[in-house]
Each structure stands twice: as C-alpha cells, then as structure tokens.
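This report refers to the structure that appears directly beneath it.
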Amino acid sequence: MVSVGIDVSKGKSTVCMIKPYGEIIVGPMEVTHIESELKDLVKVINGLNDDVKVVMEATGIYHLPVLTYLKESRLFVSVINPYQMKQYRSQGLRKVKTDKADSIAIANYGIEHWYALKDFVASEDKYNELSILSRQYRHYMRLHVASLQELTHVLDYAMPGIKNQFNSWNPENGKDKLADFVEKYWHYDNICKKSERQFVESYLNWARKKGYHPNQNKAAKIYSMAKDGIPTLPADQTTKMLVIQAVEVLRRVDETLSTILSRMQEIAKTLPEYSVVRSMGGVGDILAPKLIADIGDVRRFHNSKALIAYAGIDPPPYESGQFIGTNRSMTKRGSSAIRKTGYELMRVLKTHTEPKDGAVYRYILKKEAEGKPKKVAKMAGLNKFLRIYYARVMEIYNG
C-alpha cells in the first residue's frame, strides 16, 4: 500500500509518497495547480501498481482544484480536518514546519490510519451552490452592519436619536425604513422648518407612498424630537452628502442581500427536504434556506450525533478513574455558521407563541425552569432541534 500525502498551499502543492515503515518512494516534490502537472501526478500514482490512497488537508478553497482533478481521475482521496492533522503533527518533541515535512507527515498519517480513511464524496451541486451563497450572505451581512453603523454615526450628528424610531433592512420585504426616512428628511432643520401639522401630513403621505403604516403619533413624536434635538452638524450640502451617500451604500448592500437570499430560496425549494424543514417550529421563509445551506446534505452524517458534533455543540464525555465529569461545555469545534443560524432560530422560536410542532419550544422552557441561563437553554434546544432535523430529513431520503 502507498499513501500519497499532499500539503496544499495557494497555487501549488508538495507531494510525498510513502510505503509502510516510512519508506519514501517519491518526493517530496512540488506540483503546481495546472492541468498538465496534475495530469503527470496522476500518471505517477497510477504507475505505482499498488493500492494507493491520497491524503490531503482541507485548506479552505485552495485544495479544491487538486481534489476535483484527482476525483475526476477516479482516485481514492481522503480530506482530513485541519485540527485533526494539527494534533497529529504536534506529537513529536521538536516542531518542524516546512512544506516538505508537512507532506511527509500527511503521508505518514495515511499509513497509520489506512483502514479508517474515508473516500471523499462530493455533495450535490445544489448544496455546493447554497453553501457558496450562504457564505456570501454572511459576508454582505457584515457589510450591512458596518454600513448601518456608519449611517447611525452620521445621524448622531444631524438627527440624534432618530435611529431608535425606525427599523433598518427587513429581509422579508427588502425595505429599509430608516434609510427611506433619512433620505427625505436628512436633518432635523428640514423638519423644524414645517409646522407640526404640516410635518405630520407630509410624514403620512410619505409613509403611504413608501408602503409603510401611516402612524400619526410617531410623526408627532419625531417632530417633538426635532424641536428638542441639538444637531452638531449644520444643515448644509456637506451634511446632506454624508447622509445620502451612507444611505446609498446601505441600500446597495441591502439589495445584494435580497438578491442572494432570493436565489437561496429558489434553490432550497427544489430540494426534497425543504417542505419538511419549513414546517418545523420556528423555521420561516428566511431561516429555511439558510439552515439547509449551513447544514448541507445530511446524508453525509452517519447519525444525528455526527451532525451535533459538526455544529460544535456537543459536550464531550470526560472521565478519569472514578471521576466522571458532568458539567461540560460545548466544544465549539465545528461550523460556526450552524451555531449562529441555529441560535437565531431558537431566538425566533422563543419570542413567539408555542408552534404546533412545539417539542423544542417546550424543551427550552424546561431547561429555563431548571435554572439554566437563557443562552444555555437555547443552545440545548438547538441540540434537540438538530436531532429532530436529522431524523425527519433522513426519513425522506430513506423512504
């Protein structure tokens, strides 16, 4: 048997081929990520006339070209978790960190864990597409938060306190009430120039035109805030430019978020599990595609515990002699995306009345009644939710 260890970096990889007892038969050698060199690598591997397994470490997106080409060449390729490989490398007393040494270590890992290695199985294209869209959604959501903070900062100069009166971007309808309002009334002086009756009438007309609820009491409150407020920037062209530009940036980010979310919903609705996931308590049109995207194809998990571990919310057992640890925290060694989406789901579930599918809702209440902090109770609820999720989705595929 031959273990082919590949240490992947950006644009190139270092390859080492080892037989049992550490006998190096090829390499370490460098291979760039172009078709001609990968083709030569496959020829070398096929020419070994032995049972060959390729082992590589997951490195973000850098290992994907090599992985894709080798799988298309029908080779056995096992992709190892980086943390697992790091633990294996750190066994020695003397730490050596070079590409050649890493490729040898990866190849040795393949020999030592030969029978435990699993051949990589690619997810369906829809799951991959959802995963990429979900990653982009999280990226633009961070930009949304930063853009909203910048707009709020400018408004604290021109319209102090106005941020608390309006919600920002609503993913359900794609509207941003705060941005729409300050685009029209970008300084308190623009409000104070009118009488209260004139502003209230103007506000109500604006709300109807934009599709918002025309609330007369809110208009009167805003007028009172404008009268009592103390802007620290004048109502000049510079201030107007700062507010309008901040609004435009926020709006462009919001439009991108809406486009990505709409595409995620389109793809998710074509998957067999969508209707089941959508019917679960707390899962709406927004969270359903995000949840499916972050979890991916559940068929790659051998049981629900594997999914829990992948999410990083499993409390591992801890025993030594007669001591058995019971107060264990979750590992957080897993997908932070699932934890964030899951916590958002638990928060939505808890802030509404008990749904028809209320098992998780009642479980959270039970944990809170036991004295658990609210965050701990929600994460315990997420643990139960993922177990139910796994069982129901697998029932579809196995049925």
Those residues of segment 96-124 that are out of contact with any strand residue (DSSP E or B) (no Cβ under 7 Å at 6 or more places or on another chain), among the charged types (D, E, K, R) and closer than 27 Å to residue 32 by Cβ come to a total of 1
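Would a scan of segment 211-232 turn up a residue that is in contact with a Phe, Trp or Tyr (Cβ under 6 Å, 6 or more places away or on another chain) and closer than 30 Å to residue 140 by Cβ? Walk me through how you get there before you give the answer.
Here is the first cut: in segment 211-232, the residues in contact with a Phe, Trp or Tyr (Cβ under 6 Å, 6 or more places away or on another chain) are 219, 223, 226, 229, 231-232.
If we keep only those that are closer than 30 Å to residue 140 by Cβ too, we end up with none.
No, there is no match, as no residue in segment 211-232 is in contact with a Phe, Trp or Tyr (Cβ under 6 Å, 6 or more places away or on another chain) and closer than 30 Å to residue 140 by Cβ.
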Subset of segment 46-70, residues part of a helix (DSSP H, G or I), touching a strand residue (DSSP E or B) at 6+ places or on another chain (Cβ under 7 Å) and open to solvent by 60 Å² or more (accessible area, probe 1.4 Å), comes to none
Taking segment 10-45 and the residues there that are at pLDDT below 90 and not β-branched (Val, Ile, Thr), the one that is most open to solvent (accessible area, probe 1.4 Å) would be 21
Result of the Cβ filter at 7 Å on segment 186-199, keeping first residues that are free of Cβ contacts under 8 Å to residues at least 40 places away in the same chain and partners that are open to solvent by 50 Å² or more (accessible area, probe 1.4 Å), at least 6 apart or interchain, is 192/227
Residues of segment 83-105 being surrounded by 15 or more Cβ atoms within 10 Å (Cβ to Cβ) and in contact with a Lys or Arg (Cβ under 9 Å, 6 or more places away or on another chain), in sequence order, are 89, 99, 101, 102, 105
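Can you confirm whether residue 103 is closer than 30 Å to residue 335 by Cβ, in a strand (DSSP E or B) and within 32 Å of the chain's Cα centre (by Cα)?
Values: closer than 30 Å to residue 335 by Cβ: yes; in a strand (DSSP E or B): no; within 32 Å of the chain's Cα centre (by Cα): yes.
Criteria not met by residue 103.
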Taking segment 256-288 and keeping only residues that are open to solvent by less than 40 Å² (accessible area, probe 1.4 Å), of a type outside the set (Gly, Ala, Ser) and closer than 19 Å to residue 357 by Cα, one is left with 273, 274, 276, 277, 280, 283, 286, 287
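The values are calculated or read from the model by the stated rules, or taken from the named source; none is laboratory data. Only a predicted model underlies this, so the values are computations on that prediction, with no experimental measurement involved. Note that each Cβ is placed from the backbone with ideal geometry, even for glycine, and that neighbours are counted across all protein chains shown. All accessible areas refer to the heavy atoms of the entire protein, side chains included, with ligands and DNA or RNA removed. Shrake-Rupley method; radii C 1.70, N 1.55, O 1.52, S 1.80 Å.
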